[in-house]
Amino acid sequence: MAHWVLRMALIGMLIVYGWTKVFLVQMGVADYADALVTVGEMSPMGLLWRFMSYSAPVQIAAGVAEVLACLLLVWRRTAWLGALLGALDMA
């Protein structure tokens, strides 16, 4: 039962973040004001978010990988593969 609860909790978290990345909602789309900020003025998180917002294909690919991990976690036979893909996504 604990294994099932853990899988469902992981699906619930990954599905939200996955779909927001697929539809470019979480990181957004970069504008010209972001280009004026130098790299030295950014925090590491700000640098990552700006990189992801500048490259929409990378953001969509990350979202698709998270949604795919959720789909694999639904069935018991593919749960190990979904967990591995989910761990790679979150790393």
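Out of all the residues in the stretch 16-42, which are on the phi < 0 side of the Ramachandran plot and not hydrophobic (A, V, I, L, M, F, W, C)?
If the condition is that a residue be on the phi < 0 side of the Ramachandran plot and not hydrophobic (A, V, I, L, M, F, W, C), then 17, 18, 20, 21, 26, 31, 32, 34, 38, 40, 41 are the ones that fit.
Considering the stretch 6-34, and only residues there that are β-branched (Val, Ile, Thr) and over 15 Å from residue 72 (Cα atoms), the residue that is surrounded by the most Cβ atoms within 10 Å (Cβ to Cβ) turns out to be 22. Scanning the stretch 41-88 for residues that are in contact with a Lys or Arg (Cβ under 9 Å, 6 or more places away or on another chain) and farther than 30 Å from residue 3 by Cβ returns 42, 52, 59, 60. Here residue 53 meets each of (1) touching a residue at least 40 places away in the same chain (Cβ under 8 Å); (2) open to solvent by less than 60 Å² (accessible area, probe 1.4 Å) with one exception, condition (1).
For residue 31, are the conditions met, namely being among the charged types (D, E, K, R) and free of Cβ contacts under 8 Å to residues at least 12 places away in the same chain?
yes
List, please: which pairs have Cβ atoms under 9 Å, are six or more places apart or on different chains, and start with a residue in the stretch 1-21 that is among the small types (Gly, Ala, Ser) and end with one that is open to solvent by 100 Å² or more (accessible area, probe 1.4 Å)? The qualifying pairs do not exist here. Being of a type in the set (A, V, I, L, M, F, W, C) and closer than 19 Å to residue 9 by Cα is true for just one of 68, 48. Which residue is that? Within the list 68, 48, the selection yields 68.
The values are calculated or read from the model by the stated rules, or taken from the named source; none is laboratory data. Values in this document were obtained by computation on a predicted structure and should not be read as measured data. Methodologically, a virtual Cβ is constructed for each residue, glycine included, from the backbone with ideal geometry; neighbour enumeration extends over all protein chains shown. Only protein heavy atoms, including side chains, enter the accessible area calculation; ligands, DNA and RNA are left aside. Shrake-Rupley method; radii C 1.70, N 1.55, O 1.52, S 1.80 Å.
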